[in-house]
Amino acid sequence: MDSQITTRRLALQLALAIIPTILPVVQALAGDRSNVTDDGKKPMDELILALDLIGKSNCKDVANILRGYGPDLISFNLHLRNAGLRAQDAQVLAEAMRNTSQAQKLRSFSVSFNPNLTDFGIATLIASLPTTAIELGLVDCSMGDVGGAAILKWAQHAHAPSMICIEQNNISTNLRQKFTYLQNQRPGLTVII
């Protein structure tokens, strides 16, 4: 399993290193520069590549949607519900999110119904999310207090979160109370546990 993580990480790093070199050539040959930024990259290249590397059907579908976004993007949603994601996939996705120039425009993020993500995967993903996102869906991800605490920390620093759905997980009563307290302190925030 560790070798799969290392292989995917190396493939992503190699691809991210090669894209800036070959992308302008490919785009010039294709003649389409309508959604290319000044540095020659499309705004979602890193995220698209990561989704393609993960290889799950849902991920490829989302990658195809993201391919259509240009530099004038106002906001986007990243919904990977029931995609068969694992903790290793979360690492690839998180690294790409940190390297995606448009990540601050993420509005809604959902990886609900991916029970193989577990605490590690959720904590990894949450650490890469921009604080500008307003909706989180993490239902039934086999998450306990480690992942829940990462979400709580993110929510405490997020600009204006409006919805956090984390039901069907293994979150302790103590942490549930902390989410209830946060909800009471943040007008407009709904937390479903």
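The values are calculated or read from the model by the stated rules, or taken from the named source; none is laboratory data. Keep in mind it's a predicted model, so treat the numbers as computed, not measured. For neighbour counting, all protein chains shown are included, and Cβ atoms are generated from backbone atoms with ideal geometry for every residue, glycine included. For accessibility, only protein heavy atoms count, side chains too; no ligands or nucleic acids. Shrake-Rupley method; radii C 1.70, N 1.55, O 1.52, S 1.80 Å.
Based on what the data block shows, is THR118 in contact with a Cys (Cβ under 8 Å, 6 or more places away or on another chain), at pLDDT 95 or above and open to solvent by 10 Å² or more (accessible area, probe 1.4 Å)?
yes
Scan the range 101-112 and give yes if some residue there is part of a helix (DSSP H, G or I) and open to solvent by less than 40 Å² (accessible area, probe 1.4 Å), otherwise no. Working first, answer last.
In the first step, residues of the range 101-112 are kept if they are part of a helix (DSSP H, G or I); the result is 103-105.
From what is left, the residues that are open to solvent by less than 40 Å² (accessible area, probe 1.4 Å) are 103.
There is at least one residue in the range 101-112 that is part of a helix (DSSP H, G or I) and open to solvent by less than 40 Å² (accessible area, probe 1.4 Å).
Could you count how many residues in the range 61-84 are open to solvent by 90 Å² or more (accessible area, probe 1.4 Å), over 16 Å from GLU46 (Cβ atoms) and either modelled with pLDDT of 95 or more or among the polar types (S, T, N, Q) (or both)?
Selection size over the range 61-84: 2.
Quick test for you: out of ALA83, ALA150, pick the one residue that is in contact with a helix residue (DSSP H, G or I) (Cβ under 7 Å, 6 or more places away or on another chain) and assigned to a helix (DSSP H, G or I).
Numbers: ALA83 fails: assigned to a helix (DSSP H, G or I).
Being in contact with a helix residue (DSSP H, G or I) (Cβ under 7 Å, 6 or more places away or on another chain) and assigned to a helix (DSSP H, G or I) holds for just one of ALA83, ALA150, which is ALA150.
Is it the case that ASN77 is touching a Phe, Trp or Tyr at 6+ places or on another chain (Cβ under 8 Å) and farther than 16 Å from ILE166 by Cα?
So ASN77 passes the test.
Tell me which residues, restricted to the range 156-177, are more than 18 Å from THR132 (Cβ to Cβ), open to solvent by 90 Å² or more (accessible area, probe 1.4 Å) and not in a helix (DSSP H, G or I).
Matches in the range 156-177: GLN168, ASN170.
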